[in-house]
1. Is it true that A:LEU71 is under 25 Å from A:ILE28 (Cα atoms) and free of Cβ contacts under 8 Å to residues at least 24 places away in the same chain?
2. With respect to B:GLY19, determine if the residue is under 31 Å from the mean Cα position of the chain (by Cα), surrounded by fewer than 14 Cβ atoms within 10 Å (Cβ to Cβ) and facing chain A (nearest Cβ under 9 Å).
3. Where residues in segment A:112-152 are modelled with pLDDT under 90 and of a type in the set (Lys, Arg), which of them is surrounded by the fewest Cβ atoms within 10 Å (Cβ to Cβ)?
4. Only residues that are in a loop (DSSP other than H, G, I, E, B) and more than 7 Å from chain B (Cβ to nearest Cβ): list them for segment A:14-33, please.
5. Could you please let me know if B:THR66 is surrounded by fewer than 18 Cβ atoms within 10 Å (Cβ to Cβ), hydroxyl-bearing (Ser, Thr, Tyr), out of contact with any strand residue (DSSP E or B) (no Cβ under 9 Å at 6 or more places or on another chain) and without any contact (Cβ under 8 Å) to a residue 12 or more places away in the chain?
6. Which of the residues belonging to segment A:34-84 are in contact with a Phe, Trp or Tyr (Cβ under 9 Å, 6 or more places away or on another chain), surrounded by 12 or more Cβ atoms within 10 Å (Cβ to Cβ) and in a loop (DSSP other than H, G, I, E, B)?
7. Of the numbered conditions (1) crowded, with 19+ Cβ neighbours inside 10 Å; (2) within 14 Å of chain A (Cβ to nearest Cβ); (3) not β-branched (Val, Ile, Thr), B:GLU58 fails exactly one; give the number of that condition.
8. Would you tally the residues in segment B:109-152 being in contact (Cβ under 8 Å) with a residue 24 or more places away in the chain and hydrophobic (A, V, I, L, M, F, W, C)?
Amino acid sequence: MNYDSLINRLAEDLKPVRRRRLGLDIMIVAAICAAELALFFALGFARPLVPMMMKQATVWWRLASLGLISLISFSLAIQSFNPAFSPRLGLRWLAVIVAICLVFGLCLSAGPDGLNAIIHRLNWRDGVQCAAKMIALSIPPLVGLSVLMRRGAPTDTRRTALLVGLAAAAWGAFVFVFACPFDDPLYIATWYSVGCGSVTLLSRFVLPRFTAW
Amino acid sequence: MTDSDWRALMVAAQSGNAGVYRRLLTEVGVWLHRYYARRLPSAMVDDAVQEVLLALHEKRHTYNATQPFGPWLAAIARYKWIDRLRAMKAATMEELSDDLSILDHGEAVQSARSLEVLLDLLKPAQAEVIRLVKLQGLSIEEAAARTGQTISLVKVNIHRGLRRLTLLAQDQADEL
């Protein structure tokens with residue numbers, strides 16, 4: 001075993017580095033999210049009667065659930081960029097929280113319906129549009145987190161990519177709540193899950209290819 | 001060397017101290033060699049160690065000086081180890097059968113030996129330039145520089161040597 005030439009080369013190449021700071025990463029992500037939210041309202045994409053909308057229980061359920069999920073996911077994802085951090089346990093807790101949020105939403109839903117009524121409530125044409133908008137809104141935090149992930153050194157790239165996708169998707173859905181004209185919990189649980197799930201899965205399978213190190 | 005020693009070395013390395021960094025990488029190299037010797041086939045150990053040293057260099061900014069160095073290094077080593085295991089699993093392995101036939105190199109060996117015998121019959125200056133130019137692929141100028149002969153003398157020696165080799169080979173063929 002002789003690594004002298006490699007070690008000499010690396011030592012010659014050595015330059016002082018600025019250490020990665022967790023606080024700075026958090027601030028970058030927070031700035032991206034805040035800018036997106038501000039731009040969303042400034043460009044008039046939000047519903048005009050937001051104060052009235054805030055009186056509905058489903059709006060609070062959506063905001064609280066998606067806010068909590070995105071907050072935890074962002075926090076876990078940023079910590080996962082450190083090689084020594086394992087996101088495994090955090091992901092399990094996150095799965096439990098997502099399940100609780102969905103069950104809570106279903107409890108808000110009106111009583112049992114027939115199949116035709118359920119199909120009518122799901123309203124797939126609008127649902128697909130909602131999911132597409134959510135996906136578009138999740139792009140800014142997804143790009144920001146991906147750049148940070150590439151700069152960091154995650155050692156569990158698959159789970160970290162999953163967390164990055166979930167964080168970005170939950171934030172995209174959170175912002176979309178202010179524009180969503182639908183209040184039916186069944187519709188919301190279904191199409192928000194489709195939108196968030198798409199971004200999460202896309203991130204899980206695509207991101208590790210670009211962030212391998 | 002304790003973890004706090006390693007931590008101190010890494011912090012100094014992050015500030016750009018090349019001497020300390022060289023020492024740290026040497027120590028880490030020894031540790032990694034032991035780590036991979038228990039986990040990978042011996043032929044892959046050196047490559048794995050070098051890969052981690054490169055990764056450590058590239059990602060040295062991610063080390064947090066308030067945290068211990070050992071777990072940080074172990075996490076990177078483990079990550080690269082799993083990467084290698086995945087690559088090994090993906091690579092197609094062919095089992096070699098016992099009755100695998102291989103090419104017979106006897107003829108090539110015999111030809112090389114015959115050529116050496118014939119070259120020994122030439123004048124040393126001729127044999128030397130023929131070896132350099134015709135067998136090792138050097139240019140006339142390089143052979144001239146190597147042997148101290150002039151370029152024209154190299155050409156003459158090659159020409160005469162090859163002609164003599166042809167005659168010697170013909171004589172041997174006639175005898176057979």
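1. The answer is yes for A:LEU71.
2. So B:GLY19 fits the description; yes.
3. The qualifying residue surrounded by the fewest Cβ atoms within 10 Å (Cβ to Cβ) is A:ARG125.
4. Passing the criteria: only A:ARG21.
5. Details: surrounded by fewer than 18 Cβ atoms within 10 Å (Cβ to Cβ): yes; hydroxyl-bearing (Ser, Thr, Tyr): yes; out of contact with any strand residue (DSSP E or B) (no Cβ under 9 Å at 6 or more places or on another chain): yes; without any contact (Cβ under 8 Å) to a residue 12 or more places away in the chain: yes.
Here the answer is yes, as B:THR66 does meet what is asked.
6. A:PHE45, A:ALA46, A:ARG47, A:ASN82, A:PRO83, A:ALA84
7. Checking B:GLU58 against (1) crowded, with 19+ Cβ neighbours inside 10 Å; (2) within 14 Å of chain A (Cβ to nearest Cβ); (3) not β-branched (Val, Ile, Thr), the one that fails is (1).
8. Here the count works out to 9.
The values are calculated or read from the model by the stated rules, or taken from the named source; none is laboratory data. For clarity, every value in this text was computed on a predicted model and none was experimentally measured. Neighbour counts are summed over all protein chains in view; Cβ atoms, including those assigned to glycine, are modelled from backbone coordinates with ideal geometry.
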